[in-house]
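Here the structure is laid out as structure tokens; the discussion comes afterwards.
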Amino acid sequence: MLFSLSYLFFVLVPGWLLVSSLGIERNRLLLSIAFSIGIAAINLVIVRMLGIQYSAVAVLTVVESILLLLLVIRVKAPASIVKGLNPDRYAGSVLLVVLLVVGAYAWLAGPYLEVPADNWWHLSKINDVLDSLRQDPQDAVAWSRLWYAPNLYGYFIPALAASLWSRSVTEILMPLNILNTVLFCSAIYTFALYLFEQSDFAPRQRVWCAALAVVFFVLQFGVNVFSFVRYYVYAPALMNYLVYLASAAVLMEVLRRGAWYAGLPMLIFLTVTAYLVHTQEFLFIVLIASLVIVVEFYNSRLDTGGSNRRTIAALFITVLAGWVLLWIVSYTRYSRANPLAYDTILPLEKMLPFLKNLYVADPTFQFYQVLGVWGIVVYALFFHALFRRQPMSSFLVAGMLVPFVTIFNPFFVDLFLRHNYPDVIWRVSYMIPLPFVGAYFFTRAAHSLASERGKPIRRGVGNAAIVAALVVLIFPISTTFFESRFSRLYTVVPVERNVGHDQWQDVFTFLSKLEQETVITDQVTGYLVNALTPHYFRGHKFYGFGAPKIRRDHYDDGTFSQYAGSLVIVNQRDGGLSRTGRLSGHWPENILKLSRFYPASFLAHIESNPQKYKKIWDQLDIQVYEIQS
């Protein structure tokens, strides 16, 4: 409970007070979370610059919150602090339902902690920051190094809240899962309400459309079989995605109302926040801002009212010139990463032989795994609506156009490869607002069906097909001539015990009582050791790159001598087969058959040298040894 309250304070209260002091009424929850994350990040920058203990961020945040509270009380009526999350009572009631349903789901389903999913990597990074918080005051950091430390800024808030009450990673697994899921889904709901204001829906239609967007975010948004909300619940990308959406909301308000004096500082603050926490969303903000301006410029051709049209035209020219200049500078100063290194990029000459040294993303790989057949249906509906000029938010239009101006644009791909690697370019696809657009068309079709009762059946066939498709295609389908296998439902359901970490909890509990040491073990056990204990396994994720090798051609008295004092864990307690691994291809189906990582020669070497390897724990096919000097 104390961790939960502290975490909620850091991730919600400072921003809420700032939003109240500024008199902001729209997107209040979303902006409160985004500003709170930014305040914590900037406070950490200050602490690092001064070279004082990281825990001082808590003191700074409390002091700032008190000052903001006094400002709100002085300038505004006290009621503005506790004003409802949404001024519309009906929308607020549905938000309460969303909070309760999502919270109950997150509690009943538990966190997505299948081994060896990426959540364990993120938990290990929280563990690293926790370790930093326990250390003495840090040295002052040079200005040039202050602004890029994603493994620190991105995981700092949960680590800080845990450190205040001496909580371990194991103790915050469930509360952090519930809090992040509820906060994310609630913010998505309020942002969706804002987006659908630009539709022709009635007020209550907008409310249920926003609630449906939350459902689609949980059940459909993600990649391959992995639900974004579940797979990234401990990752900086989840909460930083809200910073990205908050930036889009601020930009749209600025373009709509022309309040640059208030909106521009907020936009800069949120952009800096996104860069500090997780640079992926920083790129998202730059891209969506550019595309929203392009869409607004296109729409403004119908606007004959002068000043706003001239402002948007000036912004359009600035955006265009900025991207051209960036590409020229990057082309002349930076070399390009090998486009074919990860088999995610295709040479354009395979499709157009007359074009050389130009590349685009493979549309059949991760891009398709993000869309699935469900996303293809949504795209078909989107282009049909675009052709018919149905009213739609510029954010939705810009977001749906993202892949065509980024991963399928050879000039953007070239620019990206001069600053990053080809294996991550597909993540731009997370900008595609499929859950929002899918909810929009589902609501429109369902409303049309309801209003066409008693009319000829043929008029409702198309709408019925839309509703049916957007429901049925959430589920995995496999027939002789049709397959839709990238369903997120596989990871939305609770994790089975034989592929989770609980089956080895006894050894992790024992290890947590020991002083910090380097660990020699298999790559999967080591992956969990980094996340759940104070000890350190040198391998990268569950691949084990860089870890001491336990499979060797020869063992002698000198083997592992340089690791005197370290721990050796022999884990031959096998887990179950991973359906997720088999379906996704992200890891082998038999990844948890841990006994296969330990060759007989290694086991014989350990057992035959009791004077060197002191057994300190032994239970159910797991042994822990301490290497003697």
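What the table shows:
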item: Selection within the stretch 141-166 - more than 26 Å from H540 (Cα to Cα), open to solvent by 70 Å² or more (accessible area, probe 1.4 Å) and in contact (Cβ under 8 Å) with a residue 12 or more places away in the chain; result: W143, L164, W165
item: Test for V250: is it in contact with a helix residue (DSSP H, G or I) (Cβ under 6 Å, 6 or more places away or on another chain), touching a residue at least 24 places away in the same chain (Cβ under 8 Å) and closer than 30 Å to T364 by Cβ; result: no
item: Residue in the stretch 445-459 that is modelled with pLDDT under 85, open to solvent by 30 Å² or more (accessible area, probe 1.4 Å), touching an Asp or Glu at 6+ places or on another chain (Cβ under 8 Å) and in a helix (DSSP H, G or I) present; result: yes
item: All positions within the stretch 19-50 that are under 22 Å from L193 (Cβ atoms), open to solvent by 40 Å² or more (accessible area, probe 1.4 Å) and part of a helix (DSSP H, G or I); result: L22
item: Selected residue (criterion: farthest from V223 (Cα to Cα)) from residues of the stretch 97-119 that are among the aromatic types (F, W, Y) and over 14 Å from the mean Cα position of the chain (by Cα); result: W107
item: Residues (touching a Pro at 6+ places or on another chain (Cβ under 8 Å) and buried (at least 22 other Cβ atoms within 10 Å of the Cβ)) located in the stretch 172-187; result: I172, L176
item: Selection within the stretch 368-390 - part of a loop (DSSP other than H, G, I, E, B) and either open to solvent by less than 50 Å² (accessible area, probe 1.4 Å) or closer than 30 Å to N357 by Cβ (or both); result: Q390
item: Helices (runs of 4 or more DSSP H) contained entirely in the stretch 217-320, each with at least 1 residues that are modelled with pLDDT under 95, open to solvent by 10 Å² or more (accessible area, probe 1.4 Å) and of a type outside the set (G, A, S); result: 236-257, 260-277, 279-299
item: Test result for Y555, assigned to a loop (DSSP other than H, G, I, E, B) and touching a helix residue (DSSP H, G or I) at 6+ places or on another chain (Cβ under 6 Å); result: yes
item: Hits in the stretch 486-515 - residues which are of a type in the set (A, V, I, L, M, F, W, C) and either crowded, with 18+ Cβ neighbours inside 10 Å or within 15 Å of L620 (Cβ to Cβ) (or both); result: F486, V492, V495, V499, W504, V507, F508, F510, L511
item: Of all residues in the stretch 397-424 being in a loop (DSSP other than H, G, I, E, B) and open to solvent by less than 20 Å² (accessible area, probe 1.4 Å), the one that is farthest from I288 (Cα to Cα); result: I407
item: All positions within the stretch 575-619 that are in contact (Cβ under 8 Å) with a residue 40 or more places away in the chain, surrounded by fewer than 18 Cβ atoms within 10 Å (Cβ to Cβ) and hydroxyl-bearing (S, T, Y); result: Y598, S601
item: Tabulated pairs, the stretch 115-136, first over 20 Å from V495 (Cβ atoms), second of a type in the set (K, R) and open to solvent by 50 Å² or more (accessible area, probe 1.4 Å), C-beta under 9 angstrom, 6+ apart or interchain; result: L130/R167
item: T344 open to solvent by less than 70 Å² (accessible area, probe 1.4 Å), under 22 Å from R418 (Cβ atoms) and hydroxyl-bearing (S, T, Y); result: yes
item: Counted residues, the stretch 85-124 - those being buried (at least 22 other Cβ atoms within 10 Å of the Cβ) and among the charged types (D, E, K, R); result: 1
item: Test for V169: is it over 30 Å from I474 (Cα atoms), touching a residue at least 12 places away in the same chain (Cβ under 8 Å) and surrounded by 21 or more Cβ atoms within 10 Å (Cβ to Cβ); result: yes
item: In the stretch 545-584, the residues that are under 27 Å from T509 (Cα atoms) and of a type in the set (K, R); result: K549, R551, R573
item: Residue that is modelled with the lowest pLDDT [pool: residues in the stretch 516-552 that are open to solvent by 50 Å² or more (accessible area, probe 1.4 Å) and assigned to a loop (DSSP other than H, G, I, E, B)]; result: G546
item: Subset of the stretch 321-341 [within 13 Å of H419 (Cβ to Cβ) and surrounded by fewer than 11 Cβ atoms within 10 Å (Cβ to Cβ)]; result: R333, S335
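The values are calculated or read from the model by the stated rules, or taken from the named source; none is laboratory data. Remember, it's a predicted structure, so these values are computed and weren't measured experimentally. Note: ideal-geometry Cβ built from the backbone for every residue, glycine included; neighbour counts use all protein chains shown. All accessible areas refer to the heavy atoms of the entire protein, side chains included, with ligands and DNA or RNA removed. Shrake-Rupley method; radii C 1.70, N 1.55, O 1.52, S 1.80 Å.
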